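Participant: Please see the structure below; I have some questions.
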Amino acid sequence: MLTHPITHSSTHPTTWEYLTFQETLWHPDCGNYISFGIGVYQLYTQQRTFVSAIHDISLKEELVKNLTSLFNQLQLSPIHFPEVISDVLSQSALEI
């Protein structure tokens, strides 16, 4: 969920920065495990503001880093971030 309104300005364009993060989580069936998520930040006039994050996307670091790189390259709007992650995970589930 977005924490503030997204605004755009022609004199100071908004840039989105996606970052991969690692976290140790716990589940009753498997105990501790390492998972990777993505956070998105709004870069605007030298300030970085947290927008949102999706935790526990995958145990596969390379997959999450590739997504992060793609989102940065395409400047994916945070509005579409949850939907794209959901689509990727749904596609991944079909390949298993």
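We did not get these values from a lab; they are worked out from the coordinates using the rules stated. Source: prediction; values computed, not measured. Cβ placement follows ideal geometry from the backbone for every residue including glycine, while neighbour counts extend to all protein chains displayed.
Participant: May I ask you to say which residue of 79, 85 is touching a residue at least 24 places away in the same chain (Cβ under 8 Å) and exposed (fewer than 12 other Cβ atoms within 10 Å of the Cβ)?
Facilitator: Of the residues listed, the single one that is touching a residue at least 24 places away in the same chain (Cβ under 8 Å) and exposed (fewer than 12 other Cβ atoms within 10 Å of the Cβ) is 79.
Participant: Among residues belonging to segment 39-76 that are in a strand (DSSP E or B), of a type in the set (Val, Ile, Thr) and in contact (Cβ under 8 Å) with a residue 40 or more places away in the chain, point out the one that is farthest from residue 90 (Cα to Cα).
Facilitator: 49
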